[in-house]
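Worksheet: one structure, shown below.
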């Protein structure tokens, strides 16, 4: 029986790996034993997909973003950054060609692990892009390792594919796996067509609840005189998001009118609505679970403090507003991401009044919304990559069988 190992180094990377795994399972796969190694976090996406996981894991405070902030690097160092990475290096070297194929999903960390393993590997390059230029594009070392050791790289956009071609890195641009499985169910949540809907992405890391509380303040600061239609904030909350702790016990700011909170009806709950909240000025904030793609598609624009979810939003043509958080996505992270987002996103100061004004200004400027929409779709590319990569994996395994026979 052939063995495949998916190595990923982040929450988004875990999700991408499992999109490909789902396509593999749905196809004509021979006897294959699939394992996952989530190098950051504990790999909830793998266990949810019933994929056995191996370690060692990285449970450090920065969630893999230590290089973007000295503050997080210091926290990681005190939490065992050096021993953690030494254990992972040792584990990668101990694999000793024990897998028929490794699928590395991420950046230099997974590239290094795959190279140390001695097994043939593909890279799903979801983390790096030539749109970043020198900030987070592929380095000379990465290009060298990919050219020398990687059987095929799947870059996330056409511009990066052109760059890899110049360095003679074997690659194929087949679309962006981040854009797969975003069709949604078509649910409209009972929101009137005349309403304006703002999608809110607080993220799924440890700071998601703090981000959501900050974003509740943003909705509180909106000026109803500048809004010509009913306004809905749809919070796309991850499965384990604690709404009781975040919203129901969060008091209005002093001087603001009281909020009204209401548990949803059974019909609304079946549609994913977990909480209705209405501000004194009439704006509504609804927390939605299990309907991420529907929230994106229903929204006119997005305010996000997320990682991959922000990128998926711009890929669907949604204008994005971002700001630095107190968590891992601080100023350095936002600066890096804006290099990639370019004209598809707006960076604003983090204070709620500034964010609220940016929302009001953008809603009033339809031409700017159109420009941002086109830029985002260009950068993120088309869906279909997960199936295409799964097909390449099957072809590779079949070819190795033929060579042995």
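The values are calculated or read from the model by the stated rules, or taken from the named source; none is laboratory data. Treat the numbers as computed from the prediction; the structure is a model and nothing was measured. Positions of Cβ are backbone-derived with ideal geometry, glycine not excepted, and every protein chain shown enters the neighbour counts.
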Output the residues belonging to the stretch 100-119 that are closer than 21 Å to residue 386 by Cβ and free of Cβ contacts under 8 Å to residues at least 60 places away in the same chain.
-> 111
Mind listing whichever residues of the stretch 83-117 are surrounded by fewer than 19 Cβ atoms within 10 Å (Cβ to Cβ) and part of a strand (DSSP E or B)?
-> none
Looking at the stretch 151-174, which of its residues are under 16 Å from residue 20 (Cβ atoms) and at pLDDT below 95?
-> 156
All but one of (1) over 19 Å from the mean Cα position of the chain (by Cα); (2) at pLDDT 90 or above; (3) farther than 30 Å from residue 325 by Cα; (4) not in a helix (DSSP H, G or I) hold for residue 187, so report the exception by its number.
-> (2)
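Considering only residues that are out of contact with any strand residue (DSSP E or B) (no Cβ under 6 Å at 6 or more places or on another chain) and closer than 20 Å to residue 85 by Cα, which ones fall in the stretch 38-54?
41, 42
Here's the yes/no breakdown for (1) assigned by TED's automatic domain parsing to the domain that holds residue 364; (2) under 30 Å from the mean Cα position of the chain (by Cα); (3) modelled with pLDDT of 80 or more:
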site	(1), (2), (3)
244	yes, yes, no
256	yes, no, no
259	yes, no, no
267	yes, yes, yes
274	yes, yes, yes
Quick one: is residue 320 modelled with pLDDT of 95 or more, buried (at least 19 other Cβ atoms within 10 Å of the Cβ) and under 15 Å from the mean Cα position of the chain (by Cα)?
-> yes
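Assess whether residue 122 counts as being part of a strand (DSSP E or B) and in contact (Cβ under 8 Å) with a residue 24 or more places away in the chain.
yes
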Those residues of the stretch 118-149 which are under 17 Å from residue 93 (Cα atoms) and surrounded by fewer than 23 Cβ atoms within 10 Å (Cβ to Cβ), in sequence order | 118, 119, 120, 145, 149
Select from the stretch 26-38 the residues that are more than 16 Å from the chain's Cα centre (by Cα) and surrounded by 15 or more Cβ atoms within 10 Å (Cβ to Cβ) and list them in ascending order.
-> 29, 32, 34, 35, 36, 37
Regarding residue 215, is this residue in contact with a helix residue (DSSP H, G or I) (Cβ under 9 Å, 6 or more places away or on another chain), part of a helix (DSSP H, G or I) and either farther than 30 Å from residue 102 by Cα or modelled with pLDDT of 90 or more (or both)?
-> yes
Would you be able to say whether some residue in the stretch 228-235 is within 17 Å of the chain's Cα centre (by Cα) and under 19 Å from residue 280 (Cβ atoms)?
-> yes
Residue 127 fails exactly one of (1) over 19 Å from residue 291 (Cβ atoms); (2) free of Cβ contacts under 8 Å to residues at least 60 places away in the same chain; (3) assigned to a loop (DSSP other than H, G, I, E, B), namely (2)
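Can you confirm whether residue 9 is assigned by TED's automatic domain parsing to the domain that holds residue 396, modelled with pLDDT under 95, farther than 26 Å from residue 175 by Cα and crowded, with 23+ Cβ neighbours inside 10 Å?
Against the criterion (assigned by TED's automatic domain parsing to the domain that holds residue 396, modelled with pLDDT under 95, farther than 26 Å from residue 175 by Cα and crowded, with 23+ Cβ neighbours inside 10 Å), residue 9 does not qualify.
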